[in-house]
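Quick notes on the structure that follows.
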Amino acid sequence: GARTAYAGAPCPPGAAAARVRRCACRRAAGTRRASRVVDTTPGAAAAPAPPVTDRGICLPDYANGTLLVQPVSGPPATGAMLLKTRAELLLSDPGSPFPPGTRLLALYELTGGQWVADISGEARRVQGSSGQRWAVLALVNTLALGRSDVKGVRLLIDGQPNESLGPLDLSEPFAPTPELLPEGSRPG
């Protein structure tokens with residue numbers, strides 16, 4: 001039969017039948033942690049998926065007062081993982097309005113298409129009120145790019161609510177601004 005490896009604990013009954021499946025196990029402290037069950041049978045490993053290039057990030061076009069959509073390549077992803085990947089790609093892009101070293105600490109959906117993006121404190125170093133505005137616009141629209149289900153994004157800095165970024169009040173969510181995007185990139 002198939003041999004399986006289970007991170008942190010013996011395989012649960014029936015786990016050998018699954019190639020990759022999420023399981024939960026308890027740590028000594030009583031908290032839950034997700035682990036993957038991976039089939040280690042020779043030849044069972046699937047070939048890595050090719051990079052996906054049908055995604056993009058929004059970067060400011062300061063001269064024209066719009067956002068440009070820059071295609072980027074990355075691993076296949078959908079749903080929340082796609083949004084997380086997009087945010088991380090934006091924050092690490094050399095053309096990003098965010099200072100180098102700015103990281104995505106957390107991203108999660110609340111209800112009704114409202115999302116929360118928690119970014120690291122390096123974001124406080126964005127220069128000038130115009131730069132701060134474009135940084136927020138770039139992140140919010142990157143998350144909403146091509147998606148009509150993202151209605152608003154609330155930003156936290158180092159997990160702190162009710163922060164500000166220069167003159168911008170971060171206590172309320174920011175709505176996407178599709179009118180700043182090229183025509184073909186707007187949600188349908």
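The values are calculated or read from the model by the stated rules, or taken from the named source; none is laboratory data. Quick caveat, the model's predicted, so the values are computed rather than measured. Heads up, the Cβs are rebuilt from the backbone with ideal geometry, glycines too, and the neighbour counts pull from every protein chain shown. The accessibility values were calculated without ligands, DNA or RNA, using every heavy atom of the protein model including side chains. Shrake-Rupley method; radii C 1.70, N 1.55, O 1.52, S 1.80 Å.
Given axes a ≥ b ≥ c from the Cα gyration tensor, I'd like to know whether region 104-188 is rounded (a/c under 1.5), prolate (a/b larger than b/c) or oblate. In terms of gyration-tensor shape, oblate.
Taking Lys and Arg as +1 and Asp and Glu as -1, the other residues whose beta-carbon sits under 14 Å from that of Ala106 total -1. Taking all protein chains together, Ser96, Ser130 sort by accessible area into Ser130, Ser96, largest first [probe 1.4 Å]. Note down the accessible area of Glu183, probe 1.4 Å, to the nearest 10 Å². Spelled out: Glu183, probe radius 1.4 Å, area about 140 Å². Figure legend: label point modelled 7 angstrom from the Cα of Val116 along Cα→Cβ; residues of region 147-179 with amide N under 20 Å from it are 150-165, 169-176.
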